[in-house]
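**Student:** Below: one structure in structure tokens.
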Amino acid sequence: MSGISERNHAFLAEMGLAPLWQRRASALMTHEPIAQAETAAAFDGTGSAWTADPAIMPGMSKAAAMSARTIAQMNWAELNNAVSGCTRCGLCKSRRQTVFGGGDERAKWLFIGNGPSGDDDRQGAIFAGPAGKLLDNMLLTIGLRRGENAYLTTSVKCRPADADGRDRLPTAEESEACLPYLQRQIALIEPTVIVALGKTAALSLLQVDTAEPFSTLRATVHRYAAVPVIVTYDPAHLLRNPADKRKAWADLCLAMTTYAAS
Ligand code: SF4
């Protein structure tokens with residue numbers, strides 16, 4: 001975890017990423033390390049970090065709040081079942097199937113994307129298309145694999161599509177409707193560090209001002225309860241804008257530093 005292996009260098013070179021994906025020590029030194037006790041407090045066995053009823057959102061209707069409270073008590077099987085039949089937002093009408101997420105249910109690393117893609121929707125699998133392959137490469141560079149100390153999910157569990165059938169970002173309302181499921185996944189996993197892959201995922205999780213520039217959201221260690229949250233680019237964005245891979249690598253370095261300090 002402390003460095004990039006020669007194998008990864010070769011892999012990145014093969015993918016045409018090696019000149020961009022270089023660790024830059026200076027980028028790591030601009031952030032304060034996370035106090036170990038601070039993170040440990042979230043998982044001290046009392047569940048204290050999760051008892052503020054995070055599933056209840058300001059302005060949520062009574063019926064929705066009751067539903068969110070129910071979701072907050074679910075186990076994995078109940079949660080998966082609830083998502084598969086969910087009609088809490090309009091995305092239920094256009095989905096082929098829900099995409100719950102997957103990986104190591106006790107992972108230290110949790111990666112949260114914006115929403116399922118068309119490939120995900122067709123296959124019923126998280127990060128199933130080309131963006132998923134890039135994410136797999138990104139995980140490899142920090143010593144992770146799907147299902148091995150990493151869990152992948154998205155801020156909404158049904159694919160958002162525009163009128164022409166193309167992938168789009170979830171709306172704030174769709175993200176809010178789906179948030180109780182994400183919050184319950186986080187509570188069940190109890191990750192050490194969370195990486196938000198995209199602005200929508202970050203805004204959903206952190207409840208920050210939507211006007212906040214993405215450049216400000218990045219390069220900062222945020223908190224969800226006591227858990228550090230690092231924000232970086234959506235792999236689909238990186239496919240369209242390969243020049244941003246350099247910045248994404250700096251974000252992953254920050255995530256590794258944060259994880260090590262936790
Ligand atoms: S996106 Fe989430 S809240 Fe909306 S229908 Fe799908 S599972 Fe339910």
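The values are calculated or read from the model by the stated rules, or taken from the named source; none is laboratory data. Just so it is clear, the model here is predicted, and its values are computed rather than measured. A quick note on method: Cβ atoms are made from the backbone with ideal geometry, for glycine too, and the neighbour counts reach across all protein chains shown.
**Student:** If you go through region 155-167 one residue at a time, how many are more than 17 Å from the chain's Cα centre (by Cα) and part of a loop (DSSP other than H, G, I, E, B)? Steps first, please.
**Tutor:** As a first pass, look at region 155-167 and keep what is more than 17 Å from the chain's Cα centre (by Cα): 161-167.
Checking which are part of a loop (DSSP other than H, G, I, E, B) leaves us with 162-166.
So the count comes out to 5.
**Student:** Of the residues in region 92-124, how many are of a type outside the set (G, A, S) and in contact with a Gly (Cβ under 6 Å, 6 or more places away or on another chain)? Reasoning before the result, please.
**Tutor:** Taking region 92-124 as the starting set, the residues that turn out to be of a type outside the set (G, A, S) are 92-93, 95-100, 104-106, 108-112, 114, 116, 119-123.
This time we only want the ones that are in contact with a Gly (Cβ under 6 Å, 6 or more places away or on another chain), so: 97, 104, 114, 119.
Going through region 92-124 one residue at a time, the tally reaches 4.
**Student:** Return yes or no: is T192 surrounded by 18 or more Cβ atoms within 10 Å (Cβ to Cβ), at pLDDT below 95 and either more than 21 Å from T258 (Cβ to Cβ) or more than 16 Å from the ligand (Cβ to nearest atom) (or both)?
**Tutor:** Numbers: surrounded by 18 or more Cβ atoms within 10 Å (Cβ to Cβ): yes; at pLDDT below 95: no; either more than 21 Å from T258 (Cβ to Cβ) or more than 16 Å from the ligand (Cβ to nearest atom) (or both): yes.
Taking the combined requirement at face value, the residue does not satisfy it.
**Student:** Next question. Please find, among P228, P242, the residue that is out of contact with any Leu (no Cβ under 7 Å at 6 or more places or on another chain) and closer than 24 Å to G129 by Cβ. Spell out the reasoning first.
**Tutor:** On the way: P228 fails: closer than 24 Å to G129 by Cβ.
None of the other options fit; the residue is P242.
**Student:** Another one. Restricting attention to region 232-245, does a residue exist that is surrounded by 23 or more Cβ atoms within 10 Å (Cβ to Cβ), in contact (Cβ under 8 Å) with a residue 40 or more places away in the chain and of a type in the set (V, I, T)?
**Tutor:** No, region 232-245 contains no residue that is surrounded by 23 or more Cβ atoms within 10 Å (Cβ to Cβ), in contact (Cβ under 8 Å) with a residue 40 or more places away in the chain and of a type in the set (V, I, T).
**Student:** Name the residue, out of K245, K157, that is basic (K, R) and farther than 19 Å from C89 by Cα. Walk me through how you get there before you give the answer.
**Tutor:** Details: K157 fails: farther than 19 Å from C89 by Cα.
Step by step, each of K245, K157 is checked, and only K245 is basic (K, R) and farther than 19 Å from C89 by Cα.
**Student:** Moving on to the next point. For region 62-77, give me each residue that is modelled with pLDDT of 65 or more, away from the ligand (no atom under 14 Å from the Cβ) and not hydrophobic (A, V, I, L, M, F, W, C).
**Tutor:** Scanning region 62-77 gives R69, Q73, N75.
**Student:** Right, L182: closer than 22 Å to L79 by Cβ, within 16 Å of the ligand (Cβ to nearest atom) and touching a Phe, Trp or Tyr at 6+ places or on another chain (Cβ under 7 Å) or not? Don't jump to the end; show me each part of the working.
**Tutor:** Details: closer than 22 Å to L79 by Cβ: yes; within 16 Å of the ligand (Cβ to nearest atom): yes; touching a Phe, Trp or Tyr at 6+ places or on another chain (Cβ under 7 Å): no.
The answer is no for L182.
**Student:** Any chance you could count how many residues in region 97-130 are in contact with a helix residue (DSSP H, G or I) (Cβ under 6 Å, 6 or more places away or on another chain), farther than 19 Å from T200 by Cα and within 12 Å of the ligand (Cβ to nearest atom)?
**Tutor:** Matching residues across region 97-130 total 0.
**Student:** Which residue is nearest to A201 (Cα to Cα), if the candidates are limited to region 234-262 and must be in a helix (DSSP H, G or I) and of a type in the set (D, E, K, R)?
**Tutor:** Per the stated criteria, the residue is D251.
**Student:** Right, another one. Given G90, G147, which one is within 13 Å of the ligand (Cβ to nearest atom), farther than 17 Å from I71 by Cα and touching a residue at least 24 places away in the same chain (Cβ under 8 Å)? Full working, then the answer.
**Tutor:** Numbers: G147 fails: within 13 Å of the ligand (Cβ to nearest atom).
One residue alone meets the criteria, G90.
**Student:** Still on this structure, I have one more. Across region 93-144, what is the number of residues that are without any contact (Cβ under 8 Å) to a residue 60 or more places away in the chain, of a type outside the set (A, V, I, L, M, F, W, C) and part of a helix (DSSP H, G or I)?
**Tutor:** Summing the residues that are without any contact (Cβ under 8 Å) to a residue 60 or more places away in the chain, of a type outside the set (A, V, I, L, M, F, W, C) and part of a helix (DSSP H, G or I) in region 93-144 gives 9.
**Student:** Let me ask something else. Which one is farthest from A161 (Cα to Cα) among residues in region 90-120 that are buried (at least 19 other Cβ atoms within 10 Å of the Cβ) and hydrophobic (A, V, I, L, M, F, W, C)?
**Tutor:** A107
**Student:** Further, regarding this structure: Regarding L203, is this residue over 16 Å from L134 (Cβ atoms) and in a helix (DSSP H, G or I)? Quick ask: steps written out before the conclusion?
**Tutor:** Numbers: over 16 Å from L134 (Cβ atoms): yes; in a helix (DSSP H, G or I): yes.
Considered against the rule, which asks whether it is over 16 Å from L134 (Cβ atoms) and in a helix (DSSP H, G or I), L203 comes out as yes.
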